[in-house]
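Chemist: One structure, as structure tokens, below. Some questions next.
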Amino acid sequence: MPELIHVNSDSKLNQLNDIHSKKAKLVKYYMDGCGHCINLEPIWNSVETKIQNLFPNDDSAIISLNEKFMHKSKLPKVTGFPTIS
């Protein structure tokens, strides 16, 4: 089942950075207080659920990365929010 990681704390950041580098990742970059990010949230939650249900045996990660932790992550950096990659 795809692993869900919501990076909004140092412990979740450590979990993200420990993921095997070859694991496929779907990443949502977001910023607190961003209106577009807030509007995306219910859609993103639906996508997470659907991917988990459609691909129960998949070894991937679905990640929500708060911009406050982006500079410490091992993922590419972005400048616009929200961004999905």
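The values are calculated or read from the model by the stated rules, or taken from the named source; none is laboratory data. Not measured: the values here are computed from a predicted model. Positions of Cβ are backbone-derived with ideal geometry, glycine not excepted, and every protein chain shown enters the neighbour counts. Each accessible area value is taken on the protein alone, full model and side chains, heavy atoms only, with ligands, DNA and RNA left out. Shrake-Rupley method; radii C 1.70, N 1.55, O 1.52, S 1.80 Å.
Chemist: For the pair residue 32 and residue 55, how long in nm is the line joining their label points, each one 7 Å along Cα→Cβ?
Modeler: 3.0 nm
Chemist: Amide H to amide H under 5 Å from residue 4: which residues, 5+ apart in sequence or cross-chain, H placed 1.01 Å off N in plane?
Modeler: The list, which skips near neighbours in sequence, is 62.
Chemist: Another question about this same structure. Ranked highest first by the average count of other Cβ atoms within 10 Å around their residues, in what order do 63-69, 4-10, 47-53, 74-80 fall? List each step's numbers first, then the result.
Modeler: Working: 63-69: 19.9, 4-10: 15.9, 47-53: 13.9, 74-80: 11.1.
Order by mean packing, descending: 63-69, 4-10, 47-53, 74-80.
Chemist: Grab region 1-81 and count how many Lys pairs have their alpha-carbon atoms under 21 Å apart, sequence gap of 8 or more, or different chains.
Modeler: So the count works out to 26.
Chemist: How large a share of the accessible area of region 15-85, in percent, is made up of carbon and sulfur atoms when the probe is 1.4 Å and the other protein chains stay in place? It would help to have the intermediate numbers written out before the result.
Modeler: Working: 2520 of 4390 Å².
Answer for region 15-85: carbon and sulfur cover 57 percent of the accessible area.
Chemist: Okay, next question. Can you compute 3J(HN,Hα) from phi for each residue in region 59-66, using the Karplus curve 6.51 cos²θ - 1.76 cosθ + 1.60 with θ = phi - 60°, rounded to whole Hz and x for Gly and Pro?
Modeler: 9, 9, 9, 10, 10, 10, 10, 5
Chemist: Which entry is the computed Rg and Dmax of the Cα atoms in Å for this structure: [x] 12.4, 35; [y] 11.9, 34; [z] 12.3, 39?
Modeler: So the calculated entry is the one marked [x].
Chemist: Given Cα positions, please report Rg to Rh for region 9-56, the hydrodynamic radius being the Kirkwood one.
Modeler: Values: Rg = 13.0 Å, Rh = 12.7 Å.
My calculation puts Rg/Rh at 1.02.
Chemist: Can you give me the accessible area per residue for the chain, using a 1.4 Å probe, in Å²?
Modeler: Details: 5170 Å² over 85 residues.
Per-residue accessible area for the chain comes out at 61 Å².
Chemist: So what are the ³J(HN,Hα) numbers for region 32-42, from phi and the Karplus equation (6.51, -1.76, 1.60; θ = phi - 60°), rounded to whole Hz, Gly and Pro as x?
Modeler: 4, x, 6, x, 5, 5, 5, 5, 6, 3, x
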